[in-house]
1. Looking at Asp356, Asp287, can you tell me which residue is farther than 23 Å from Arg220 by Cβ and at pLDDT below 95?
2. What number of residues within region 224-246 are open to solvent by less than 80 Å² (accessible area, probe 1.4 Å) and either of a type outside the set (Ser, Thr, Tyr) or touching a Pro at 6+ places or on another chain (Cβ under 9 Å) (or both)?
3. Need a quick list: strands (runs of 3 or more DSSP E) entirely within region 209-254 having at least 2 residues that are at pLDDT 95 or above and in contact with a Ser or Thr (Cβ under 7 Å, 6 or more places away or on another chain).
4. Within region 196-231, which residues are out of contact with any Asp or Glu (no Cβ under 6 Å at 6 or more places or on another chain) and free of Cβ contacts under 8 Å to residues at least 60 places away in the same chain?
5. Looking at region 190-203 only, could you name the residues that are open to solvent by less than 10 Å² (accessible area, probe 1.4 Å) and either aliphatic (A, V, I, L, M) or more than 22 Å from Leu271 (Cβ to Cβ) (or both)?
6. Mind checking which residues of region 25-51 are within 14 Å of Gly371 (Cα to Cα) and either free of Cβ contacts under 8 Å to residues at least 60 places away in the same chain or buried (at least 17 other Cβ atoms within 10 Å of the Cβ) (or both)?
7. Can you work out which of the residues in region 71-92 that are more than 22 Å from Val242 (Cβ to Cβ) and not β-branched (Val, Ile, Thr) is surrounded by the fewest Cβ atoms within 10 Å (Cβ to Cβ)?
Amino acid sequence: MRWCTLLCLCLAALPAAALDTSALQAQLETLRAAAHAPGASAAIMVKGELVYSAGVGLADVENQVPMTGASVHNIGSVSKVLAVVGLMQLVEQDKLKLDAQIQAYAPWFPRKQAPITVRQILTHTSGIRHYKDGEFGEGDVLMYRQWNDIQAASQRWKDDPLLFDPGRYWNYSSYATNLLQAAMEQASGRPLEDYLRAQVWQPAGMTSTQFDIPARIVPRRAHAYEYDKATGALTNTPQENVSYKFVGGGVIASDEDMVRFGHALNAGKLLGKRAIAEMYRPQLKPDIEAFPNPDGSPARKPPVQALIWRVQTDGAGRRYMAHSGSVKGTYSYLANYDQQDVVVALHVNAQGGEPDLKGTAEALAASVLAGL
């Protein structure tokens, strides 16, 4: 029994011991340089073991604070995948229906030219628009306002007509996903942050994850910046209040927390197999097109769209689930190789460069998968 236990411990330690951390650090430094960012961070978890957590450069330029895998960042639209897991828990409990109209949970939302379902919101086929220039008012004043509920926060766009009849096109919309806050709060009977903390973040061991509330003091919080290509200057990013889009992009977390989230999903701690299969299933018709661009330029091809998640394939033909995010001078990426239980999270703390987070995440995953 003693020798069996020792052998199991040795086998569990193999993935971390086999990693060439110098190569991983080099990939992270290449990402940081491409972003023209002060810092970059990453974490990798393999079958529940945190095999890599590191950073390069600085999390805070003014105070010369090093970046680490435990640095806390705005994760932008990666917030959406945290929310969809909480939503699918309510679907499992029969408290929320994917094919119900959104007004079943947000009766204040105006009815449009055709019904909009929760599923269409989750697949970006609702017809609800995304952001547009100038809508935040002179000086972007509405971006600095505190919104205390999603109904009030939706007032600037909720009365607009749909861009198209739901289901006809794919068109990414953070505004649409913000409505999921109303659905989840109505179905759970709890404020969204309380619900996600109790049902998703705490069970996954995500100790740093929370809503981005301006008044809060956040330990290990990284600062974010903007890079000007024309001048090469680096400046502080404006401190936007994201209370109008907690589901769409208002969560902060560390890379370590994000890989714990992925593993908790893979280990069945957050959702049952049927709910995960439905969440990861490609949802769009093969012939669906992206909504045409207003300027007449070709629209990009829709992704392989699951429920919020996107189905990706790396250079070796391996399928994985992913989402990216950008907000307040940050870029983030989460890649979950759920079949191998390998999870990679990445972050850079400046916008304006051209970082390849997807390619870097795949490269970091390949370094681990080669040894499995």
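1. Numbers: Asp356 fails: at pLDDT below 95.
Residue meeting the stated conditions: Asp287.
2. The initial filter retains those residues of region 224-246 that are open to solvent by less than 80 Å² (accessible area, probe 1.4 Å), namely 224-228, 232-235, 237-238, 240-246.
Going one step further and asking which of them are either of a type outside the set (Ser, Thr, Tyr) or touching a Pro at 6+ places or on another chain (Cβ under 9 Å) (or both), we end up with 224-226, 228, 232-234, 238, 240-243, 245-246.
Qualifying residue count for the region: 14.
3. Values: elements: 225-227, 234-236, 251-254.
It comes to 225-227, 251-254.
4. From region 196-231, those out of contact with any Asp or Glu (no Cβ under 6 Å at 6 or more places or on another chain) are 196-205, 207, 210, 212-222, 224-231; that's our starting set.
Of everything in region 196-231, those that are out of contact with any Asp or Glu (no Cβ under 6 Å at 6 or more places or on another chain) and free of Cβ contacts under 8 Å to residues at least 60 places away in the same chain turn out to be Arg197, Ala198, Gln202, Gly205, Thr207, Gln210, Ile213, Ala215, Arg216, Ile217, Ala230, Thr231.
5. Residues satisfying the conditions are Leu192, Leu196, Val200.
6. Looking only at region 25-51, we keep the residues that are within 14 Å of Gly371 (Cα to Cα), and these are 44-47, 51.
Hits for region 25-51 are Ile44, Met45, Val46, Val51.
7. Residues of region 71-92 that are more than 22 Å from Val242 (Cβ to Cβ), as a first pass: 88-92.
Okay, now just the ones that are also not β-branched (Val, Ile, Thr), so 88-90, 92.
Numbers: Met88: 23, Gln89: 22, Leu90: 19, Glu92: 14.
Filtering first and then ranking leaves Glu92.
Listed here are the residues, each with its yes/no results for (1) among the aromatic types (Phe, Trp, Tyr); (2) open to solvent by 50 Å² or more (accessible area, probe 1.4 Å); (3) modelled with pLDDT of 95 or more.
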| residue | (1), (2), (3) |
| --- | --- |
| Asp140 | no, yes, no |
| Tyr144 | yes, yes, no |
| Gln155 | no, yes, no |
| Asp160 | no, no, no |
| Pro166 | no, no, yes |
| Tyr172 | yes, no, yes |
| Asn178 | no, no, yes |
| Met184 | no, no, yes |
| Ser188 | no, no, yes |
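The values are calculated or read from the model by the stated rules, or taken from the named source; none is laboratory data. The structure displayed is predicted, hence computed values, not measured ones. Reconstructed Cβ throughout: ideal geometry from the backbone, glycine too, with neighbour counts over all protein chains shown. Surface areas here come from the heavy atoms of the whole protein model, side chains and all, with no ligands, DNA or RNA. Shrake-Rupley method; radii C 1.70, N 1.55, O 1.52, S 1.80 Å.
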